[in-house]
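Asks: The structure is given below, and queries will be raised subsequently.
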Amino acid sequence: MGGFEAIIGQNFPIRLLRFFLRTEKIPHALLFTGIEGVGKRTTARLFAQALNCRTTDNPTVEAGQYVGTCGYCNSCRQILEGGHPDILNIAPRKGVLRIDQIRELIRALALKPFSAKHRVVIITDAHTMNAEAGNALLKILEEPPAGTILILTALQRSDLLPTVFSRCRHIRFSPLCVDDLAELLIKQQGMKHEQARILAEVADGSYTRALRLSEAQWSEHRDWVVRAAGLDRPASIRT
């Protein structure tokens, strides 16, 4: 069951997405909400891979049983590398999603897909859309082209226009628990257990925040403060 096991600490969202794949009842618009650094964008990309993975065409795979992504077929590799022509990624420019980006998307969707079974549009940080962009997106959300699935990511649904939110199937991503976040830091960043644990405890459930703290050498600064204050010495010596 390739791919989705890379997403740690989001059992319900992954279980629901696998259900969609297994039943082949894919909502035409999905909204992933949650704080930054909990796997929303990675999950959106993996879902796009799963929808288009060529391994699922293998006759040795029982119908409805393969609900992941192989990561090795040409389609999976193209999506992973960001080069698949039918997987469209829209992100804010200077912190804002603007109407010209949505208009450009509408023009792109008017064309036929190149090769994908499911064309997927991933709109990152949809909460940064201004009102004009949000209203322009409504038509696509109401009547997307056949075979097109839109995935929006946002911090919380209340940051979106109600008309946008109401047209999406909402899936909430939870902050990562300390154990899961520490495990990610150890596996993906090669951190030592102690450093990973310290960062996980102060990162408020966000992998991205943990990385920022690491880059800022937060743990080293913390150790310096502890030593300077004498808090690393036994209480009897401090007094």
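The values are calculated or read from the model by the stated rules, or taken from the named source; none is laboratory data. Treat the numbers as computed from the prediction; the structure is a model and nothing was measured. Because the Cβ atoms are built from the backbone with ideal geometry, glycine has one as well, and the counts that use them run over all protein chains shown. The accessibility values were calculated without ligands, DNA or RNA, using every heavy atom of the protein model including side chains. Shrake-Rupley method; radii C 1.70, N 1.55, O 1.52, S 1.80 Å.
Asks: From the residues in region 79-96 that are more than 18 Å from Gly134 (Cβ to Cβ) and touching a Ser or Thr at 6+ places or on another chain (Cβ under 8 Å), which one is most open to solvent (accessible area, probe 1.4 Å)?
Replies: Of everything passing the filter in region 79-96, Asn89 is most open to solvent (accessible area, probe 1.4 Å).
Asks: Looking at region 107-201, what helices (runs of 4 or more DSSP H) fall wholly within it and have at least 2 residues that are touching a Gly at 6+ places or on another chain (Cβ under 8 Å)?
Replies: It comes to 162-165, 178-189.
Asks: Further, regarding this structure: Considering only residues that are touching a Ser or Thr at 6+ places or on another chain (Cβ under 9 Å) and not hydrophobic (A, V, I, L, M, F, W, C), look in region 171-211 and name the one that is farthest from Leu31 (Cα to Cα).
Replies: Glu194
Yes/no matrix, rows are residues, columns are (1) farther than 25 Å from Ala136 by Cα; (2) open to solvent by less than 100 Å² (accessible area, probe 1.4 Å); (3) free of Cβ contacts under 8 Å to residues at least 24 places away in the same chain:
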{"site": "Cys73", "(1), (2), (3)": "yes, yes, yes"}
{"site": "Cys76", "(1), (2), (3)": "yes, yes, no"}
{"site": "Glu104", "(1), (2), (3)": "no, yes, yes"}
{"site": "Ala108", "(1), (2), (3)": "no, yes, yes"}
{"site": "Ser115", "(1), (2), (3)": "yes, yes, no"}
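Asks: Turning to a different aspect of this structure: For region 121-161, how many residues are more than 15 Å from Arg45 (Cα to Cα) and open to solvent by 20 Å² or more (accessible area, probe 1.4 Å)?
Replies: Selection size over region 121-161: 22.
Asks: Could you please find all residues in region 48-71 being at pLDDT 75 or above and either surrounded by fewer than 18 Cβ atoms within 10 Å (Cβ to Cβ) or not in a loop (DSSP other than H, G, I, E, B) (or both)?
Replies: Listed by number, the residues that qualify are Ala48, Gln49, Ala50, Leu51, Asn52, Arg54, Thr55, Gly71.
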